[in-house]
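**Q** Please see the structure below; I have some questions.
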Amino acid sequence: MNSLWARITVASLLGLASLPASAQTETGQTKIQPQRLECEFRASPQGIDATQPRLNWVLDSTAASTDVRGVKATAYQVLVSSAPELLKEDQGDLWDSGKVRSSHPLRAIYAGRPLRSWQAYCWKVRVWDQEGRPSLWSPAASWTMGLLSDHDWKNAKWIGMKAVEPTPAAGEKPSDGHPLAARQLRREFDVRGQIRSATVAFCGLGLSELYINGVKVGDEVLSPPLTEYNKRAIYVVHEVTSLLRDGRNAVGAWLGNGRYWAPRHKVPTSTRTFGPPKLRLILRIENQDGGLRYIVSDESWKVTDQGPIRANNEYDGEQYDARLELTGWAEPGYDDGAWKPVEVLPPPGEKLSARNIAPIRVIEHRRPIAKKNPKEGVYVFDMGQNLVGWCRLRVHGPAGTTVQLRHAETLQPDGMLYVANLRSARCTDHYTLKGGGIEVYEPRFTYHGFRYVEITGYPGEPAADALEACVVHDDLEPAGDFQCSNELLNRIHANCRWGIRGNYRSIPTDCPQRDERQGWLGDRAAGCHGEMQLFNVAAFYEKWLTDMADTQRPEGSVSDVCPSYWPLYNDNVTWAGTIALIPAWLREQYGDNRFIVRHYAAMRAWVEHMLGYLAHDRMPRDSYGDWCVPPEDPHLIHSKDPARKTNGELIGTAYFEHILRLMSQYAVLAGKPGDAARYTALAERMKAAFNKRFFDDAAARYDNGTQTSSLLPLSFGLAPQRRRDAVFAALVAKIEGQSKSHVGVGLIGVQHLMHVLSDHGRPDLALRIATQPDYPSWGYMANKDATTIWELWNGDTADPAMNSGNHVMLIGDLLPWLYEYLAGIRADPATPGYDRIVLKPVFVRGLDFVRAWRETMAGRITSQWSRKDGAVVWNVSVPIGGVATVYLSAKEPSKVLESDKPAAEAPGVRLLRQAKDAVVYEIGSGTYSFHIAE
Ligand code: BGC
C-alpha cells in the first residue's frame, strides 16, 4: 500500500475534537473506485469536553483517476447518532445537518442536540459534487464525551499522601529537588451483573498510570498534560469495559512527581511547586439493565510510598529497586495490610478539564548503532540519533546489583559522556535487580534528551540488545514531508523534525535535556508555523494558548514561560506577544475563526496592558534582543559586539506594531469593530514613529544596520514603499559581504530571513544560506554530527552554561520556506484552512528537484518539480474538492504546457492572468504535469 495516497486523512482539530471520518465520492462520467478506507487515528478520541466539536473529513484522493479533474465538493450532510445501529439506518438522532451547501464543505461545527457527559457518539458524512451528485456515506467514526460538569465527579475526592519526606538522589544536595518516592494507591470493589460499559476518568498529578486488575489502562505515558496547575488540571478518560470482571476487581494508580512536585525549587531559578502528588478518579459502570454504579477516589483507598520507585524526577531520572516490587498490588486479593489509609488533599486548582490533545506515547524504538568501552566497567551505547525518551534495559544478574544509566547528547574526546551542558540535571536512571531471571526495566516518571547512554554497574558486559531507546512525544499526526536534490538540506530538514518531535511534551519545550525544559513563548512565535508543515498541531497549540491565558495576571501580563513554572512576568514583547501571534497561524492553516474568538479576551488584555508602556508611540519593552546571534568569539554565548546587537526598542516597536495589525483583524472576527479601528490607528502611529526614530533614509537602513533591523521592517511592511528596494539591497550587501552568505541573525531575525529574501527576488541567496556547510549555519551543525538543531550557532564551541544540542528556536522560517516556497504549497490567507490552495513553487537555481507533500484541511497536496534541458517539469496534485491558484514563474503563457498541451487549453486548467513575474492559473482537483520553459 502506498502510504502517501491510500490513506484517508482526517484533520485533527481545535481541541474541540478530532474526529475521524472519510468519504467516498462518485464523480462525473468516471466512476471513482471505492477504496478500502483507513482511519488515521489510532483510537477514536475519548473524553473530550467540547460541546460544539468540529467535525472534519477529507475525500480520498487515491480514488480519483488522473483524468478526472476539477471534482468539487459543494455540500455535505452529517449524521450524528447515539448508537451505531441508528447510524446504520441513516438516522442522526443527535444531529442531522441536512444537505448544507457550503464554501468549506469538508468541515462542520456540531450543531445538534446537547452532548452529554460520558456518552459515546458516532457519525458519518456524505458530500455532493458540483453536478449535485451525492457520494456514498463515509464509514462511521466515533468519539466519547468527558465530564461536562463538576457534579459528574460525584463525591470523588483528591487523595494521596501528605508526607513529603525527600529521598535525595545519589550525591544530591538535599536543599533542592526533593524527588519523592512514587506513590501507589489502590482499592478493591465488586461487580455484579452484566456490564454494558465501563468508563474511567482520572487525573493523577503530577504524573500517573492507572491499572485495573493488573492491566494498564490506555497506552499513554507522561500523562496527564502539563498545565498551570493552580488554574487547571487535565483528566483523561478511557473505556475499560473489557478490563472488568464479574466478582472482585481492583484498581491501582501510580503517582509520580512530574512538575506538580517541582523537580527543582531554586536551581537554575525559582521554580513553582504545587504540592505532593494526588489523584481524583471516577469509574462509571453501566449494567445491561441500565443500572449505574460509581467507584470514586475517597477515604476507602489505601496508599504506600514503599514501592520500587524510590525517587522520580524529570530532570534527574528514576531510581527503581525491583526488590521492592509489590507484586499483585493492582489486582484483587492483594494484602495491603501494611499500606496506609489515603489522606484527602485539597483540589489543585480551579478547573478540571478534559484532554483535548493527543496523548504522549512511546512512538518508536531504536536499537543502538554502536557500543564502546571507554573505561573499565563503563559501556557507552550510541543510539545514532539525538532523541527524547528513555531506555528499555534488559539485564540478568544477582539481586541487589544496581545498574546505572546516564544519558547525554554528546561525548568528550575520550569517549566518556559530555554532561556539562545538562547543568544540574543528572539524567540518570538506577535499576536495582531483584535477581532470578531476565529483568526488563523502563522508567515511568522521567525522560531524557540523549543520543548516548552510559551503562555502569552492569553484571558482566552488556550485550548489544541490553538497551533499546524508546522515543517519546505527543502522538501528533504527520502533516508533511520534504525532499530535494541537496543532501545537506535533507539532513537539516530531518534534524528539524527530530528536534521538533522531541520537544513536544504536552507543551512545546525549549529543550528536553538540561534542568530547564520549559515552554518558552518566544521560541515558537514563528516556529509553530514551521511545525504546522510537519504535524497537525491545531489542538496542541490551542491547548498552549489556554495555558497562556491561565498564566495571565489580572492586569494582563503573561509569563515568558507557560505554564509559569518559572514565573517570568517581564512584559517583553517578543516572548509574551506570542499569545497574539499563534492564533493567526492556526486560523490560516486550520481555518477556524474560533481560535481567535476564544482567545481574543486574553490577547486583548495583554495588548491593553502593554499599551501602558508605549512612549512616543514606540514600544521600549524588550528583554532578550535578537537572542543568540552568531557571536564574534566562538566561545561566547551572547555577542558583546554592539554592531551585532539589534536595538531592543526597534524590535519591540516593530513586533508590537505587527501585533496591533493582527489584533485589528482579530477584533473584526470577534465582533469588536471599535477595537479594530483603534488598533489600526495605533499601528499607523507606531509605524510613523518607527521610521522617524530608526530609519536612516540616506543609508537605506535602520538604526545600527544589523540584518535583523532591516528584516523586520521588510517583513512587517514597515519600510516606506519608495525605499523598500534600497533597504533590501543594503540588507543583501550586508549578508553577502559581512556574513559571506551565512546566517547573521539570532532567534528574531531568523524568523524572517528566508521569506524576506525570497519575497524580494533572492531565493538563490536564501538557498545559499540554507545549504552552507560551514559556520554559522544549520549545515555546519549537521556537518558537526548534529542530528537535531542546536541552541547556538556555535554550539560546538560555546560555554556549556547555555548550549543545548536540541533546541528548535533557530529553525526560524526555514521549514515554511521549504514547503511554502520551494514546494510552493500554501494556504491562501484570504480563505483560511485551504478553502483555496495557493501553489507557488519557487524553481530556485541550484536544486535539481524538490518533492513534498502536505496533509492540509483540504486533503493531501503533492508538489514535485525537476529541472531538465532548460525546462522545469512540475507535477502537482490537488485533492478532490480542492481549488488552487497556481503561480508559475514564466514570462508568458506560451512557455507553459500541461500534459503536452498549452496549459490554458488543458482540461481543468484556467488561465487567470499574466502577472509581472508569473502566469497565474486556476486548477481544480486532479493530477497535473506542467512543463515550463525557462
Ligand atoms: C531558553 C530559551 C529561551 C531563553 C530566553 C533560554 O534559557 O532555553 O529557549 O527562549 O532562555 O531567555
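The values are calculated or read from the model by the stated rules, or taken from the named source; none is laboratory data. Not measured: the values here are computed from a predicted model. All Cβ positions, glycine included, derive from the backbone under ideal geometry; neighbour counts span all protein chains shown. Surface accessibility is based on the protein's heavy atoms, side chains included, excluding ligands, DNA and RNA. Shrake-Rupley method; radii C 1.70, N 1.55, O 1.52, S 1.80 Å.
**Q** Kindly evaluate Asp321 against the criterion of being buried (at least 18 other Cβ atoms within 10 Å of the Cβ), over 37 Å from the mean Cα position of the chain (by Cα), over 30 Å from Lys543 (Cα atoms) and not aromatic (Phe, Trp, Tyr).
**A** no
**Q** To continue, here is another question. What tally of residues in region 501-511 results from selecting those that are farther than 20 Å from His365 by Cβ and away from the ligand (no atom under 14 Å from the Cβ)?
**A** Looking only at that region, the number is 1.
**Q** Looking at (1) within 30 Å of Gly349 (Cα to Cα); (2) surrounded by fewer than 17 Cβ atoms within 10 Å (Cβ to Cβ); (3) at pLDDT below 95, can you tell me which one Gln130 breaks?
**A** With (1) within 30 Å of Gly349 (Cα to Cα); (2) surrounded by fewer than 17 Cβ atoms within 10 Å (Cβ to Cβ); (3) at pLDDT below 95 applied to Gln130, the lone miss is (1).
**Q** Within the group Arg604, Arg618, Arg594, which residue is over 26 Å from Gln707 (Cα atoms), modelled with pLDDT of 95 or more, more than 16 Å from the ligand (Cβ to nearest atom) and open to solvent by 10 Å² or more (accessible area, probe 1.4 Å)?
**A** Arg604
**Q** Determine whether region 249-257 contains at least one residue that is over 17 Å from Arg186 (Cα atoms), among the small types (Gly, Ala, Ser) and under 27 Å from the mean Cα position of the chain (by Cα).
**A** No - not one qualifying residue is present in region 249-257.
**Q** Within region 291-318, can you find the residues that are surrounded by fewer than 17 Cβ atoms within 10 Å (Cβ to Cβ) and outside any loop (DSSP other than H, G, I, E, B)?
**A** Selection gives Leu292, Arg293, Tyr294.
**Q** Among (1) closer than 30 Å to Asp150 by Cα; (2) within 30 Å of the chain's Cα centre (by Cα); (3) modelled with pLDDT of 90 or more, which single condition is Ile109 missing?
**A** Going through the list (1) closer than 30 Å to Asp150 by Cα; (2) within 30 Å of the chain's Cα centre (by Cα); (3) modelled with pLDDT of 90 or more, Ile109 breaks only (3).
**Q** Follow-up. Do we find that Arg284 is open to solvent by 60 Å² or more (accessible area, probe 1.4 Å) and modelled with pLDDT of 95 or more in this structure?
**A** For Arg284, the condition - open to solvent by 60 Å² or more (accessible area, probe 1.4 Å) and modelled with pLDDT of 95 or more - is not met.
**Q** Hey, can you tell me all the residues within region 754-774 that are assigned to a helix (DSSP H, G or I) and open to solvent by 30 Å² or more (accessible area, probe 1.4 Å)?
**A** Those that are assigned to a helix (DSSP H, G or I) and open to solvent by 30 Å² or more (accessible area, probe 1.4 Å): His755, Asp759, Asp764, Arg768.
**Q** From the set of residues in region 515-532 that are more than 8 Å from the ligand (Cβ to nearest atom) and of a type in the set (D, E, K, R), which is nearest to the chain's Cα centre (by Cα)?
**A** So the residue we want is Glu531.
**Q** Further question on the same structure: Of the residues that sit in region 172-190 and are more than 30 Å from Thr327 (Cα to Cα) and more than 34 Å from the chain's Cα centre (by Cα), which one is modelled with the highest pLDDT?
**A** Lys173
**Q** A further question follows. Report every pair of residues separated by at least 6 positions or lying on different chains whose Cβ atoms are under 6 Å apart, first residue within region 566-579 and at pLDDT below 95, second more than 9 Å from the ligand (Cβ to nearest atom) and hydrophobic (A, V, I, L, M, F, W, C).
**A** If the second residue must be more than 9 Å from the ligand (Cβ to nearest atom) and hydrophobic (A, V, I, L, M, F, W, C), no pairs are left.
**Q** Please find, among Ser710, Ser777, Ser741, the residue that is free of Cβ contacts under 8 Å to residues at least 40 places away in the same chain, buried (at least 21 other Cβ atoms within 10 Å of the Cβ) and touching a Lys or Arg at 6+ places or on another chain (Cβ under 8 Å).
**A** Being free of Cβ contacts under 8 Å to residues at least 40 places away in the same chain, buried (at least 21 other Cβ atoms within 10 Å of the Cβ) and touching a Lys or Arg at 6+ places or on another chain (Cβ under 8 Å) holds for just one of Ser710, Ser777, Ser741, which is Ser710.
**Q** Can you go through Ser623, Ser639, Ser664 and tell me which one is at negative phi, in contact (Cβ under 8 Å) with a residue 12 or more places away in the chain and within 16 Å of the ligand (Cβ to nearest atom)?
**A** Sole residue among the options that is at negative phi, in contact (Cβ under 8 Å) with a residue 12 or more places away in the chain and within 16 Å of the ligand (Cβ to nearest atom): Ser623.
**Q** Need pairs with beta-carbon distance below 9 Å; first residue farther than 21 Å from Ser623 by Cα and within region 510-523, second open to solvent by 10 Å² or more (accessible area, probe 1.4 Å) and within 9 Å of the ligand (Cβ to nearest atom); sequence gap 6+ or separate chains.
**A** Filtered contacts from region 510-523: Arg514/Pro268; Arg514/Met802; Asp515/Pro268.
**Q** Which of (1) open to solvent by less than 10 Å² (accessible area, probe 1.4 Å); (2) part of a loop (DSSP other than H, G, I, E, B); (3) in contact with a strand residue (DSSP E or B) (Cβ under 8 Å, 6 or more places away or on another chain); (4) not hydroxyl-bearing (Ser, Thr, Tyr) is the odd one out, the single condition Ala786 does not satisfy?
**A** Tallying (1) open to solvent by less than 10 Å² (accessible area, probe 1.4 Å); (2) part of a loop (DSSP other than H, G, I, E, B); (3) in contact with a strand residue (DSSP E or B) (Cβ under 8 Å, 6 or more places away or on another chain); (4) not hydroxyl-bearing (Ser, Thr, Tyr), Ala786 fails exactly one: (1).
**Q** Collect the residues in region 442-454 that are surrounded by 22 or more Cβ atoms within 10 Å (Cβ to Cβ) and of a type outside the set (A, V, I, L, M), keeping them in residue-number order.
**A** Passing the criteria: Pro443, Phe445, Thr446, Tyr447, His448, Gly449, Phe450, Arg451, Tyr452, Glu454.
**Q** With region 485-587 as the region, which helices (runs of 4 or more DSSP H) entirely inside it contain at least 2 residues that are open to solvent by 10 Å² or more (accessible area, probe 1.4 Å)?
**A** On the way: elements: 487-502, 527-534, 538-551, 573-576.
Qualifying helices (runs of 4 or more DSSP H): 487-502, 527-534, 538-551.
**Q** Okay, next question. Can you tell me which residue is modelled with the highest pLDDT among those in region 83-105 that are surrounded by 13 or more Cβ atoms within 10 Å (Cβ to Cβ) and among the hydroxyl-bearing types (Ser, Thr, Tyr)?
**A** Result: Ser97.
**Q** Kindly provide the set of residues from region 679-709 that are over 13 Å from Val732 (Cα atoms), among the polar types (S, T, N, Q) and assigned to a loop (DSSP other than H, G, I, E, B), ordered by number.
**A** Selection gives Asn704 alone.
**Q** A further question follows. Please determine, by comparing only the residues of region 235-258 that are aliphatic (A, V, I, L, M) and open to solvent by less than 10 Å² (accessible area, probe 1.4 Å), which one is nearest to Lys351 (Cα to Cα).
**A** Among those residues, the one meeting the criterion is Val236.
**Q** Being of a type in the set (S, T, N, Q), in a helix (DSSP H, G or I) and more than 16 Å from the ligand (Cβ to nearest atom): is that true of Ser741 here?
**A** no
**Q** Considering only region 777-797, how many residues are touching a helix residue (DSSP H, G or I) at 6+ places or on another chain (Cβ under 9 Å) and either away from the ligand (no atom under 16 Å from the Cβ) or among the hydrophobic types (A, V, I, L, M, F, W, C) (or both)?
**A** Of the residues in that region, 13 qualify.
**Q** Another question, if that's okay. Can you find even one residue in region 455-469 that is within 16 Å of the ligand (Cβ to nearest atom) and either touching a His at 6+ places or on another chain (Cβ under 8 Å) or modelled with pLDDT of 95 or more (or both)? Quick ask: steps written out before the conclusion?
**A** If we filter region 455-469 for residues that are within 16 Å of the ligand (Cβ to nearest atom), which is where we start, we get none.
Within region 455-469, not a single residue is within 16 Å of the ligand (Cβ to nearest atom) and either touching a His at 6+ places or on another chain (Cβ under 8 Å) or modelled with pLDDT of 95 or more (or both).
**Q** Has region 724-733 got any residue that is over 30 Å from Leu682 (Cα atoms) and in a helix (DSSP H, G or I)?
**A** Taking every residue of region 724-733 in turn, at least one turns out to be over 30 Å from Leu682 (Cα atoms) and in a helix (DSSP H, G or I).
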